[in-house]
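To keep things clear, I will list the structure first and then write my remarks on it.
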Amino acid sequence: MPTPPRSSRRSAPPHRPAGRPRAGAGRRAGPRSRGKRPRWGTRVATALSVLVLGTGGIGHAVVTSLDTGIGRVDAFKDMKNRPDAGHGLNLLLVGTDGRDKITESERRTYRLGGAPCHCTDTIMLVHLSENGKRASVVSVPRDSYAELPEHTDGTTGKQHKPHPVKINAAYAEGGPSLTVRTVERMTGVKISHYLEVDFTSFMKTVDSLGGVEICTPSSLKDSNTGLDLAPGTHRMNGGEALQYVRSRHIDSDADLGRMQRQQRLVAALISRAADRGVLLNPVKLRDVTSTMLSSVRADAGFGTEQMLAVGEAMRGLSPSSSEFTSVPLSGKGISVPGVGATVKWDPEKSRSLFRALREDKPLTPARSARSPEPSRSSASPKPAKDARLVDVKPQEIRVQVYNGTRRDGLGKEVDDALRGTGFATTRTPLGSDGPEVGRTVVMYDPRWDRSAKSLAAALPGSELRAVRQQGATLKVMAGTDYRTVTPVRAEEKPKGQFEAVTGDQVVCP
């Protein structure tokens, strides 16, 4: 590989939210016996997809028939001193732990073995705005420190005084009703309806939509779940999507990273449903919805009238009108005797977050219209929406281009194309006195390896070559194999006090 010299080669309408049923209305049913139920995070994604897909534009008779297939739980039993209702509709979505509906083939293929803990593996609080124009999804860390109120153990019948636990243990001790009570006490948000789902419904739902697209700028591998994804875009079936959202041993983010993947999957489900016209096609809607609802359990008050009202609220939902965040945490986790490692909520930030939900305010800042950066390349780059997802923004990567061939003007062509895609090029391409280079090379200091991978993604087929002490400026030696620059983009960083993102910021371009 020649050393680049300093000399230059020649280069040329509002709706009314569903209300609670009248006292005594609806069918009351106790929780099902605690059989085995799969432990993983995506069942909450299924529940949200039920809301997204299950009711908008569908007739009363069809909804009534679907209503009869939903399992019922008494999630609001003996509830007292509840928060004020506020504005909009609040749904608590939980995924429970067990193993009763998976086949042996699924157990082996997707690594679903292990003993259940009979607890909520995932909790999401979904707020539907009163004007029907926004859905806000807040993920609650399963290891959140919580203090359970006085209650009767749902399994042993034993009376318990208030005591500390991880929030996912509320279901194990008192079922849905204790889970709702605990969440309401901690958030001050009144829960309108409770939905509990399992993984079988999720897998079938993804498959009924023809799979779902997930993008990752870096490789994702988890030996526990069997997840093994290379950087890029992947079309996943239900089982593969299950592996994606169950994984929590990929990096140091652990459960936080898993919650973010769950949110990306929910956004992808919304996008997929919108793209395929499911919401506007009664036949498709009925087929997808009946698949999902076959494994859903809900409070007795979530009947035909409420499903229709939720459908009206969700009819205009799209990735850009959905927003996602997690409960803000206070520093590092703490260890509690008898409880184990927990995480604590930031008292001020979490209080502000839940106040925004109660007041029906958006969690993301207003987004101004954006105009794409004009291209300075002689070739027209693809629109930004077709760009490949990378880790580092092109605007943050400084690049020096070299022409490693005898082709006049190639250095300027590559420099212009990279700058037109957003990279901070020097605008002064240089030449090389060495022999002609066949394959384009990206030279980088190992301390800037993420930037190098992002740059290499824009140069298909290029070789990454580490050069110690090179510094922050990356170097591109354009070879005879150069054809074009592929547009790339990084995910937008969460902005605003709640660090929330909209669905269109995390779905595949």
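The values are calculated or read from the model by the stated rules, or taken from the named source; none is laboratory data. Just so we're clear, the structure is a prediction, and the values are computed from it rather than from any experiment. All Cβ positions, even for glycine, are placed from backbone atoms using ideal geometry, and neighbour counts span all protein chains on display. Remember, those area values only see protein heavy atoms, side chains included, never the ligands or the DNA or RNA. Shrake-Rupley method; radii C 1.70, N 1.55, O 1.52, S 1.80 Å.
Take LEU269 and tell me if it is under 16 Å from the mean Cα position of the chain (by Cα) and buried (at least 17 other Cβ atoms within 10 Å of the Cβ). Against the criterion (under 16 Å from the mean Cα position of the chain (by Cα) and buried (at least 17 other Cβ atoms within 10 Å of the Cβ)), LEU269 qualifies.
When the strands (runs of 3 or more DSSP E) confined to segment 422-493 are screened for residues that are more than 30 Å from ASP504 (Cβ to Cβ), those reaching at least 3 such residues are found at 441-444, 463-466, 474-478. Residues of segment 183-202 that are open to solvent by 10 Å² or more (accessible area, probe 1.4 Å) and within 20 Å of the chain's Cα centre (by Cα): THR200 alone. If only residues of segment 450-467 that are open to solvent by 60 Å² or more (accessible area, probe 1.4 Å) and modelled with pLDDT under 95 are counted, the one that is farthest from VAL488 (Cα to Cα) is ARG450. Can you name the residue in segment 298-310 that is in contact with a helix residue (DSSP H, G or I) (Cβ under 8 Å, 6 or more places away or on another chain) and surrounded by fewer than 23 Cβ atoms within 10 Å (Cβ to Cβ) and, of all such residues, is modelled with the highest pLDDT? That would be GLY303. Scoring VAL180 on the criteria (1) in a helix (DSSP H, G or I); (2) surrounded by fewer than 23 Cβ atoms within 10 Å (Cβ to Cβ) leaves a single failure, condition (2). Can you name the residue in segment 83-108 that is modelled with pLDDT under 85 and among the β-branched types (Val, Ile, Thr) and, of all such residues, is farthest from the chain's Cα centre (by Cα)? Applying the filter and picking the extreme gives THR103.
Applying the set (1) at pLDDT below 95; (2) assigned to a loop (DSSP other than H, G, I, E, B); (3) within 26 Å of the chain's Cα centre (by Cα) to ASP360 leaves exactly one unmet item: (1).
Being charged (D, E, K, R), farther than 20 Å from VAL137 by Cβ and either assigned to a loop (DSSP other than H, G, I, E, B) or at pLDDT below 80 (or both) narrows it down to one residue among ASP251, ASP207; which is it? Result of the check over ASP251, ASP207: ASP251. May I ask you to verify whether VAL73 is farther than 17 Å from TYR194 by Cα and either modelled with pLDDT under 65 or open to solvent by less than 10 Å² (accessible area, probe 1.4 Å) (or both)? Answer is no for this residue.
Restricting attention to segment 221-230, does a residue exist that is of a type outside the set (D, E, K, R), over 24 Å from THR486 (Cβ atoms) and not in a loop (DSSP other than H, G, I, E, B)?
Step one: filter segment 221-230 for residues of a type outside the set (D, E, K, R), giving 223-227, 229-230.
Next, only the ones that are over 24 Å from THR486 (Cβ atoms) stay: 223-227.
Now restrict to residues that are not in a loop (DSSP other than H, G, I, E, B): 227.
For segment 221-230, residues of a type outside the set (D, E, K, R), over 24 Å from THR486 (Cβ atoms) and not in a loop (DSSP other than H, G, I, E, B): present.
In the set (1) open to solvent by 40 Å² or more (accessible area, probe 1.4 Å); (2) among the small types (Gly, Ala, Ser); (3) not in a loop (DSSP other than H, G, I, E, B), SER218 fails one condition alone, (3). The single condition among (1) modelled with pLDDT of 90 or more; (2) crowded, with 24+ Cβ neighbours inside 10 Å; (3) over 19 Å from SER139 (Cβ atoms); (4) not aliphatic (A, V, I, L, M) that PHE324 does not satisfy is (3).
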